[in-house]
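Undergrad: One structure is given below, represented as structure tokens, and several questions about it will come after.
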There are 4 protein chains.
Amino acid sequence: MATFKGFAMKKLNETGWVEKEVPECGPLDAIVRPTCVSPCTSDIHTVWEGAIGDRKDMVLGHEAVGVVEEVGSLVKNIKVGDKVIVPAITPDWDDEAAQRGYPSQTTEPLGGWKFSNFKDGVFGERFHVNLADANLALMPEGLTDEAAVMLVDMWSTGMMGSENANIPLGGSVLVIGIGAVGLSAIAGAALLGAADIYAAGTRPISVKVAKEYGATEIINYREAPIDEQVREATDGAGVDSVIIAGGNLTNTWKEAVASTKAGGTISNVNYLSGADDVLIPRVEWGCGMSNINITNGLCPGGRVRMERLARLALTNRADPELLVTHRFKGLEKIEDALYLMKDKPKDLIKPIVKID
Amino acid sequence: MATFKGFAMKKLNETGWVEKEVPECGPLDAIVRPTCVSPCTSDIHTVWEGAIGDRKDMVLGHEAVGVVEEVGSLVKNIKVGDKVIVPAITPDWDDEAAQRGYPSQTTEPLGGWKFSNFKDGVFGERFHVNLADANLALMPEGLTDEAAVMLVDMWSTGMMGSENANIPLGGSVLVIGIGAVGLSAIAGAALLGAADIYAAGTRPISVKVAKEYGATEIINYREAPIDEQVREATDGAGVDSVIIAGGNLTNTWKEAVASTKAGGTISNVNYLSGADDVLIPRVEWGCGMSNINITNGLCPGGRVRMERLARLALTNRADPELLVTHRFKGLEKIEDALYLMKDKPKDLIKPIVKID
Amino acid sequence: MATFKGFAMKKLNETGWVEKEVPECGPLDAIVRPTCVSPCTSDIHTVWEGAIGDRKDMVLGHEAVGVVEEVGSLVKNIKVGDKVIVPAITPDWDDEAAQRGYPSQTTEPLGGWKFSNFKDGVFGERFHVNLADANLALMPEGLTDEAAVMLVDMWSTGMMGSENANIPLGGSVLVIGIGAVGLSAIAGAALLGAADIYAAGTRPISVKVAKEYGATEIINYREAPIDEQVREATDGAGVDSVIIAGGNLTNTWKEAVASTKAGGTISNVNYLSGADDVLIPRVEWGCGMSNINITNGLCPGGRVRMERLARLALTNRADPELLVTHRFKGLEKIEDALYLMKDKPKDLIKPIVKID
Amino acid sequence: MATFKGFAMKKLNETGWVEKEVPECGPLDAIVRPTCVSPCTSDIHTVWEGAIGDRKDMVLGHEAVGVVEEVGSLVKNIKVGDKVIVPAITPDWDDEAAQRGYPSQTTEPLGGWKFSNFKDGVFGERFHVNLADANLALMPEGLTDEAAVMLVDMWSTGMMGSENANIPLGGSVLVIGIGAVGLSAIAGAALLGAADIYAAGTRPISVKVAKEYGATEIINYREAPIDEQVREATDGAGVDSVIIAGGNLTNTWKEAVASTKAGGTISNVNYLSGADDVLIPRVEWGCGMSNINITNGLCPGGRVRMERLARLALTNRADPELLVTHRFKGLEKIEDALYLMKDKPKDLIKPIVKID
């Protein structure tokens, strides 16, 4: 196969199918044919909000599982024909940022994010993966494509939100935003020892999954400010941890800080946009002396992360397929799936597209 | 009430009922009447194995819930008549070890453990609690006595084993020993992000609860050395974390170290006895260069710990009552319950005694 | 002594001497006569900027060493006549926030700060200390009053800034603001493994002490934005850690974030004022995905903290007296010392007042 | 150059010069010509104590700086002619153990240690380095060869001992063994916030450097058990942290545990040999409930580690050359240097060999 077809961002605000040359497979790399993909809100940000600036004919998508079509001469553990889970983030593991402990930030800030950012993404007949041994995980027996494709970004990002949130065993957590990432954060909070999990959101389908993933109380942010509702529900105490997986830059952060106990943690997993600055309310933050920490992060990638998340699914700690609300079949349906993500109907969490 | 009746260690190897004066209630303290208690293996160690040396007419027991009968003049939050959860460990929170972050080690090593160690325990009509505000948790609505009495030592100790075990999200854990503490460690591992949980034990009742608490595979240590079975189950990789909640000082530690990945953690919650030294196998420990850490700890006590564990029960993260296999009624039945614990019949995990 | 004289905030923008009743010494408390005190920038904020709102006839000051004049009936380790170091922050160690690991936040956010906030401070002939055993440290042999009084807030706060900054061994640190707290942060950074320490400030006396405490390069923020200078000095890499000990809410935080590597930490020790919000620049913060954490804290208090800082001074790891630039003698000179702090002449870091 | 000369372990208990083919330079690798090397006690263990089993004609040595002679086709940042610092440990950064956070344990336990273990070491005219970009650090201006060669194993290992020791700021540390690694641990403890540093050792040259690196008190272990002396020096309290950098498996560990506070940490950096088991004294370890953690590790390697240690030297935080007591010149003098290390005369810490 010399060329491949892919669904691309043609330029800002415009998508379409393109035909491109199959990328060269470097000695450490692999070429993969996707068998299942899923569009992400980031794809929407990229095309219609200019989140990463302009791109020309860049194939979209960074959530995929697939089959290895080609491997480089130095690849040791991955073979042609292997069914693989492809992390959305594929770090350069020998870079200095990885040595410092931050593989998602390799080569440059956010540099572990390559698909549909620096290079063509996974919404095509073929795509390129750097450092195949380090970045591809073999699909284990017993895991479906639909389940596995939810791990590569949604679970990895959302659960990182909980890992960064310093949740004490038996502690309380507020998750703001219950799209697929927020829901994964809820699952992560339940898996990491939270007792009370407050989920701020309104869409019925998300509310349902939030409860299945472990939320103990739903907060409808339309009824009153989130912090007021949290303070009331906790007898004024506030929560140990807040995970921000949605909202805006106007009032979400203020409500988050105002919901947190002194000594608590605010963990961001939201791809922030819409204003130049995040506003941390001074008084609620204890004039900078409240011991409230604010953390963030980019989705962890790499083989080991995927293997561990797969074990969580296989041991039934949580079910990734709860996130999948819409199923398409055939490469060409990627377009429909992406526009569904853009339109965000009431009953949508995540669509997937099975290929072949 | 000027005197109270209690079931005591009269001296090494001898138990019996004693009549003692009700202790004075210091200005910061409380006197509590137990409504439910449970004997612990430590009580057996204390009486029949001389684990803490000789004691004369010391009332036994350190697991209780009860009702406050008297409070000191400086106690602010606890009132006479309050139903309370009494942690087995009641630290001196203003001591230097608490300021260093180790409240269970206040005033002296293991000094947070006072009941049936330095002073009369909870197996009587009344008992004394130091620092009532800091050490007593109000019994929340919806929690039974039977459930709550499982939190004060079993859950707190066992789950500490998991908290100390540095379990990665989606990681693998081996729990050696599935008595009540080991089972609580399993529940803790599942609550703290473990995927695969290997439980080494044989008693059917414990095996059943181990699975209900989240164990994914049972290892019968009689069939082959534990490490051989773990290595086989993990394709040679070993586990990320081992929690030692049973076994002996002859070969358990060797098997634990040999089961652990380089970079893994071994977390002890077993009250060690039976030999002068713990033997860490040199070669399996990588000649001291394997990055395998060994941690231990004494059951965390205090009000906040109890409140958080209660929240875990109330939000149905796990059910403490699964540990309770035998139920007695009436103060005088403490004797039967303790001897049951000593005899350890096949169908026993923990007995409790309800006191009117 | 039934009454005592103290230098007080009479109301907003007004100070003066007051005569008040000596406070009652509760059973766990102590009454102390100061032998050396030091005014703090916070006192200035309190009186002339309304930082904590209005107060009436509240004795100022929270930095002192002194002699114990009276102890409560339950105090065990502190005796009348003991020379003691008095931490600026005196937590309620049995409170739930202390059990959660945040003693400075006990009873309410920032609640460990009592002197010249909730109750009369140390600028009088006598002052009251809660929980004497837990909060007073015996003055060790070999430590001067001048040195010790620099530990209670300046060192404890500044060095906390470094402890919270996640400095890797051999890493790089930027300290913004080189007043007494910033200088202590520099000393802390050098003590906690930093190699390169960039200090942003201009006053010659502070620059001199910054270098003595371990700063390797001075950044004059008047010449160019701090982040530009840091990026240039680090070949574009930025620093591992930033400690904010000064500046404003207009551009300091923007420069701080822009100076930090992905994966780095920003640690605040500045008592923030002057605007409603702290502005975190969205793009420089990696749209919330840079793994740049933001931490803050309130000065750690208590006996153990004071003892440890005293050991640092006594083992010559750093010299607290380098901070003392002006010395007064006599209780009545507190007024001059405070106004000196208010006027902040060029050659001032900290004044102290010896009493008796 | 088709062949190179090297000083080798010919077999157990026998050394000698060998002539071998220059290894092939893989696409990611480099071939380096050493300009300065240093023998290590491990080389002695390897040859005369069979520590890693038998080896045939394996070139010894793992401490070197040198000049790059050849680089593979995929190497990006390292060029022929570059002067480089070569870490003793050269991890496979894309391996799963590195992704788990333990690069020194890549491919197998201790697998990051390749030189003079799995492959020819650095005591020859040429040697091979895997993953040149990730593992070689450019020699910075201002650093001598003698200084740099002390970083690659001695400082990296010894300071890791301190990093793993959980030293509180202002805390107390005991370092057992004051050879080059123990001395580096002392330097590390001083750099990581220790106040009191007790150094157990006797050789005058080491005692001198121990004090220069920050030891505050020397303990002569011949006079009385170490723990007795530590307890006396600390008024019975014990120390916060113990670093084991020497001693034996008979009584050193018992003394280490007995010297440690409840809640303290014991950090091993000693390459353990001489018995099958490390003995942890049960009672002193609080019957497994003392909160005393035991950690170990293998020397951290890689480019970033070397760069950071170099910055510590260049900013004068500590002087690596203090470790160098003997200087040789010329490749052939490696033999003398190694035998000097074997004989360990009184005035020796570390010899180095400059190779023009």
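The values are calculated or read from the model by the stated rules, or taken from the named source; none is laboratory data. Predicted model only: the values in this text are computed from it and were never measured. With ideal geometry, Cβ positions are generated from the backbone for all residues, glycine too; neighbour counts draw on all protein chains shown.
Undergrad: Kindly check whether there is at least one residue in the range C:252-268 that is in the same structural domain as C:A194 (by TED's automatic domain parsing), in contact with a strand residue (DSSP E or B) (Cβ under 8 Å, 6 or more places away or on another chain) and more than 24 Å from A:Y102 (Cβ to Cβ).
TA: yes
Undergrad: Which residues, taken from the range C:163-182, are surrounded by fewer than 24 Cβ atoms within 10 Å (Cβ to Cβ) and part of a helix (DSSP H, G or I)?
TA: Matches in the range C:163-182: C:E163 only.
Undergrad: Something else about it: Any residue in the range D:316-325 that is more than 30 Å from D:D227 (Cβ to Cβ), of a type in the set (G, A, S) and not in a helix (DSSP H, G or I)?
TA: Among the residues of the range D:316-325, not one is more than 30 Å from D:D227 (Cβ to Cβ), of a type in the set (G, A, S) and not in a helix (DSSP H, G or I), which makes the answer no.
Undergrad: Answer with yes or no whether C:S290 is touching a residue at least 24 places away in the same chain (Cβ under 8 Å), within 9 Å of another protein chain (Cβ to nearest Cβ) and under 25 Å from A:K261 (Cα atoms).
TA: yes
Undergrad: Does C:L272 satisfy the condition of being assigned by TED's automatic domain parsing to the domain that holds C:F7 and within 22 Å of C:A88 (Cα to Cα)?
TA: Against the criterion (assigned by TED's automatic domain parsing to the domain that holds C:F7 and within 22 Å of C:A88 (Cα to Cα)), C:L272 does not qualify.
Undergrad: Now a separate question. Restricting attention to the range A:274-285, which residues are within 7 Å of another protein chain (Cβ to nearest Cβ) and surrounded by fewer than 23 Cβ atoms within 10 Å (Cβ to Cβ)?
TA: Matches in the range A:274-285: A:A275, A:D276, A:D277, A:L279, A:P281, A:R282.
Undergrad: Please go through the range A:134-167 and pick out each residue that is farther than 21 Å from A:L298 by Cα, of a type in the set (D, E) and out of contact with any helix residue (DSSP H, G or I) (no Cβ under 7 Å at 6 or more places or on another chain).
TA: Correct list: A:E141, A:D145.
Undergrad: Pick out the one residue from B:G214, B:G179, B:G170 that is in the same structural domain as B:V242 (by TED's automatic domain parsing), farther than 22 Å from B:G264 by Cα and touching a residue at least 12 places away in the same chain (Cβ under 8 Å).
TA: The match here is B:G179.
Undergrad: For the range C:198-214, indicate whether the set of residues that are outside any helix (DSSP H, G or I), of a type in the set (D, E, K, R) and crowded, with 22+ Cβ neighbours inside 10 Å is non-empty.
TA: Within the range C:198-214, none of the residues are outside any helix (DSSP H, G or I), of a type in the set (D, E, K, R) and crowded, with 22+ Cβ neighbours inside 10 Å.
Undergrad: When you go through C:P34, C:P39, C:P27 one by one, which is the residue that is part of a loop (DSSP other than H, G, I, E, B) and crowded, with 19+ Cβ neighbours inside 10 Å?
TA: That would be C:P39, the only listed residue that is part of a loop (DSSP other than H, G, I, E, B) and crowded, with 19+ Cβ neighbours inside 10 Å.
Undergrad: Next question, about the same structure. Quick one: which of D:I85, D:I52, D:I44 is modelled with pLDDT under 95 and either over 30 Å from B:A237 (Cβ atoms) or assigned to a strand (DSSP E or B) (or both)?
TA: D:I44
Undergrad: Give the residues of the range A:106-155 that are over 29 Å from A:G177 (Cα atoms), within 14 Å of chain D (Cβ to nearest Cβ) and part of a loop (DSSP other than H, G, I, E, B), sorted by residue number.
TA: Passing the criteria: A:T107, A:N130, A:L131, A:L136.
Undergrad: Being in the same structural domain as A:E321 (by TED's automatic domain parsing), polar (S, T, N, Q) and more than 21 Å from the chain's Cα centre (by Cα): is that true of A:S73 here?
TA: Yes: the conditions hold for A:S73.
Undergrad: Out of the range B:296-340, which residues are of a type in the set (V, I, T) and crowded, with 24+ Cβ neighbours inside 10 Å?
TA: Of everything in the range B:296-340, just one residue is of a type in the set (V, I, T) and crowded, with 24+ Cβ neighbours inside 10 Å, namely B:I334.
Undergrad: How many residues are in a loop (DSSP other than H, G, I, E, B) and either among the hydrophobic types (A, V, I, L, M, F, W, C) or facing chain D (nearest Cβ under 7 Å) (or both) if we restrict to the range B:232-272?
TA: The qualifying residues number 7.
Undergrad: Which of the residues belonging to the range C:337-347 are under 12 Å from C:I44 (Cβ atoms) and part of a loop (DSSP other than H, G, I, E, B)?
TA: C:K344
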